[in-house]
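Undergrad: Can you read through this structure? Questions will come right after.
The values are calculated or read from the model by the stated rules, or taken from the named source; none is laboratory data. Bear in mind that the values here come from a model prediction, so they are computed numbers and not experimental data. Neighbour counts run over all protein chains shown; Cβ positions are idealised from the backbone, glycine included.
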Amino acid sequence: MPKYSRIKPAHLLGQQWFEEATLRTHADAYVQYLTERGYARETVECYFRSVAHFVHWISKRDIYLCDINESTVNQFLDRHLPHCRCAPRCRHTRTDVRAGLKHFFAMLDGSQPQHLTPNVSVPIAAELAEFKRHLAEVRGLSDSTCTVRLRQTYEFLVDHFGARPVQISTLTPSDIVRFVMRRTSGLAPATVKGIGISLRSYLLFKASGGTSTTALIAALPRVAQWRLSRVPEVLSSVEVKQLLKAFDRGSATGMRDYAMTRCLLDLGLRRVEVARLRLEDIDWRDGTLTIHGKGKRIDIVPLPRSTGSAISEYLQYGRPNTTRREVFVRHRPPLNAPANLDIVRNAVRNAAERCDLQERVRGTHVFRHTMACRMVQGGSPFKEIGDMLRHRSLDTTTIYAKVNLPALRRVALPWPGERS
């Protein structure tokens, strides 16, 4: 145990705070929960005082933990906290209190509770819970797809209903058009199309329950998006070398970020595939990697030497002690947790900023395009490229034909009026 595991809850606030049975029951468990996740002693004390303050407040109002919702938390944060005179050592910083409560309810429930999601009323929270169940159990969509559709549906529901009950029958087609036009102003066509898909999915879900949504679905604007209208953005070999040199491979975090980037660049993995990569997915003897891709698809691909060396270096010298089976894990509290999608993306973005490539590298998909274009220009057949990128249809791969400039020059017709 770290040295700050010796923190005793009673020493943090004084015995008077432990008259509340709720906190007394969970105090030691909460301190241990934070300690095991690598939080510093000062942070543990800060979060503990925040939770103690909240428990003290709800106990004076005869509110039980099972009755707490988003409205209760916001009332404490917005109305009580700015004017609190409970005790001199109360935490008055909204950020600290919300973070402490998030961890406390995560400990009790095993996951982040919905009532701590900002600005979600009880009716909308219930509606989103039903929609989430539909997406996961009926539609069988992945967690990442469910997250996107729930977030965009949440924005739509809050915009129209706020804290009122959700009544789709009161909406008109003009309400749909007005929201979409306001929400998507200035966004790329692909993003606008994605928001329309999320709303259509939600309205179809309501229709399956007997609500008439035909007119509302018809009001969703169709987005003109030509798949082959643009040339994929790729990095040059000089830019790739420049980016790879931007990682501090002498530090544990630098080793992790470098290994993740090699997975993106050498194998064309999506960032969710990098985050999901597990220790048992690597076959060191055969030199292969098992990829858990979109649509619950599983593929086995060859593991390049450069990628394998980067992963091996991280596992031996950079990866902290953890019980997680994911290859890439968090290096900052909360510890003993996998690296999420934001960590994968930020590893690339931070490296790009260090080598002044932030305008060229705004996300991780550019590496997928770069690998595909490198294979095209190397003469690889499109079937092989599609297999490497794990495309379901070869039509998806044809966009990379546009980057093979030497081959296009051989088949290009003369410019009209050009002299021979």
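Undergrad: Against the definition (part of a loop (DSSP other than H, G, I, E, B), on the phi > 0 side of the Ramachandran plot and of a type in the set (G, A, S)), how does G363 come out, yes or no?
TA: So G363 does not fit the description; no.
Undergrad: Now for a separate question. Test G140 against the stated conditions and say whether it is in a loop (DSSP other than H, G, I, E, B) and modelled with pLDDT of 85 or more.
TA: Against the criterion (in a loop (DSSP other than H, G, I, E, B) and modelled with pLDDT of 85 or more), G140 qualifies.
Undergrad: Taking the range 303-347, which residues are of a type in the set (S, T, N, Q), outside any helix (DSSP H, G or I) and within 17 Å of L279 (Cβ to Cβ)?
TA: N321, T322, T323, N336
Undergrad: Step by step: first the residues of the range 231-253, then only those that are of a type in the set (A, V, I, L, M) and either modelled with pLDDT of 90 or more or surrounded by 14 or more Cβ atoms within 10 Å (Cβ to Cβ) (or both), then the one that is farthest from the chain's Cα centre (by Cα). Which residue is that?
TA: Looking at residues that are of a type in the set (A, V, I, L, M) and either modelled with pLDDT of 90 or more or surrounded by 14 or more Cβ atoms within 10 Å (Cβ to Cβ) (or both), I get V238.
Undergrad: Could you go through the range 255-266 and let me know if any residue there is in the same structural domain as V158 (by TED's automatic domain parsing) and of a type in the set (V, I, T).
TA: No, the range 255-266 has no match at all.
Undergrad: Answer yes or no as to whether D159 is within 29 Å of R271 (Cα to Cα), acidic (D, E) and loosely packed, with under 15 Cβ neighbours inside 10 Å.
TA: The answer is no for D159.
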